[in-house]
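Since the structure comes first, as structure tokens, the remarks are kept for the end.
Just so it is clear, none of the values below were taken in a lab; they were calculated from the coordinates. Please read these numbers as outputs of a predicted model, since none were measured by experiment. Please note: Cβ atoms are built from the backbone with ideal geometry, for glycine as well, and neighbour counts cover all protein chains shown.
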Amino acid sequence: MIKRYAVIGLGNFGSSVAETLASHGSEVIAIDTDGDTVDRIAPRVTKAAMGSGTDVDTLRQIGVKGVDAAVISTGDDITASILTTMALRDLGVKDVYVKVNSRDHARVMERIGVTETIFPERESAISLGVRMRGTAVLNHFRLGEGFSIQEMAVPEAWQGQSLRALQLRQEYDITVVALHDVLHDQISVTPNPDDLLKDSDTLLVAGADKSLAKVAKLT
């Protein structure tokens, strides 16, 4: 069944989310108060409309009622985020994701029960800081408080060994989510635990930040 989404606020973040969802076959309703912005995204989504997300009648007329989830990206206006969330709830939208610009903004939205708050600037800064530490980490994705996924080069001490022999869950309390053979550009989402790791591989591992920091220092 095709999923239906609403994206309210079409700055860089909102537009990117809308286009990504649409490119994967979802129906996307994109909404913004700026007509030029709406016109630009219209060819790339199912429906683009000009209007305010804070008004429940406007959202109903646009067709937001019944969508599977909504994304709010209306800038640093906390009041607008709250009113838009309330309007979406009135229309029966259960999953609401909100882009926030500060910890206070996040706390307010979490208090009113949104599904998730996203703080792109902070998460990008954390990822950059991790990668700049001179470790084996290539990418770092924060999933929640104290928990992340990171892509890392295979430490020299692990090369030539299998995941089964390394027992990474027992030794480091991390889980290998996927293995990327960079040389052949092949990704194994469920890697064979008996395959030997190579220096041309990278690992996508998940775990607590403390555990990930520990393995990142192995090279």
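Pairs from the table (Lys99/Lys198; Lys65/Lys99; Lys47/Lys99) lying more than 29 angstrom apart at Cα are Lys99/Lys198.
Using the Cβ-Cβ distance between Thr20 and Thr190 with R0 set to 25 Å, the FRET efficiency works out to roughly 0.50. Considering only alpha-carbon pairs that sit under 8 angstrom and 6 or more positions apart, the relative contact order computed for segment 4-118 is 23 percent. By the rule of a C-alpha distance below 12 Å, with chain neighbours fewer than 8 residues away ignored, the aspartates and glutamates paired with Lys94 are Asp68, Glu116.
Once C-alpha pairs closer than 8 Å and six or more residues apart are averaged by separation and normalised to the residue number of the chain, the relative contact order reads 13 percent. With both labels modelled 7 Å from their Cα along Cα-to-Cβ, the Lys217 to Arg111 distance reads 3.9 nm.
Over the Cα atoms of segment 24-105, compute the convex hull volume and normalise it per residue, giving Å³.
In segment 24-105, the Cα convex hull volume per residue is 100 Å³.
The length gained by stretching the chain between Arg60 and Val177 to full extension, at 0.36 nm per residue less their Cα-Cα distance, is 38.1 nm.
A Förster radius of 30 Å combined with the Cβ-Cβ distance from Arg44 to Lys94 puts the calculated FRET efficiency at roughly 0.70.
What ranking do Tyr172, Tyr5 get, fewest neighbouring Cβ atoms within 10 angstrom at the top?
Ordered by Cβ neighbours within 10 Å, fewest first: Tyr172, Tyr5.
Springs join every pair of Cα atoms under 10 Å in this Gaussian network model of the chain, and among Ala165, Ala153, Ala48 the largest mean-square fluctuation is at Ala165. By other beta-carbon atoms within 10 Å, ranking Met1, Met86 with the fewest at the front produces Met1, Met86. A compact globular protein would have a Cα radius of gyration near 2.2 N^0.38 Å; the ratio found for the chain is 1.23. Each residue of segment 83-92 was assigned a 3J(HN,Hα) from its phi angle through the Karplus expression (A = 6.51, B = -1.76, C = 1.60, θ = phi - 60°), giving 5, 5, 4, 5, 5, 5, 4, 4, 8, x Hz with x at Gly and Pro. Taking amide hydrogens as placed 1.01 Å from N in the peptide plane, the amide H of Val177 sits under 5 Å from those of Leu204, Val205, Ala206, each at least 5 positions away in sequence or on another chain.
Under 5 Å from the amide H of Asn139 lie the amide H atoms of Glu151, each residue being 5 or more positions distant or on a separate chain, with H modelled from the backbone and absent for Pro and chain starts.
A cut-off of 5 Å between modelled amide H atoms, ignoring neighbours fewer than 5 places along the same chain, links Val71 with Ala6, Val7, Ile8, Tyr97.
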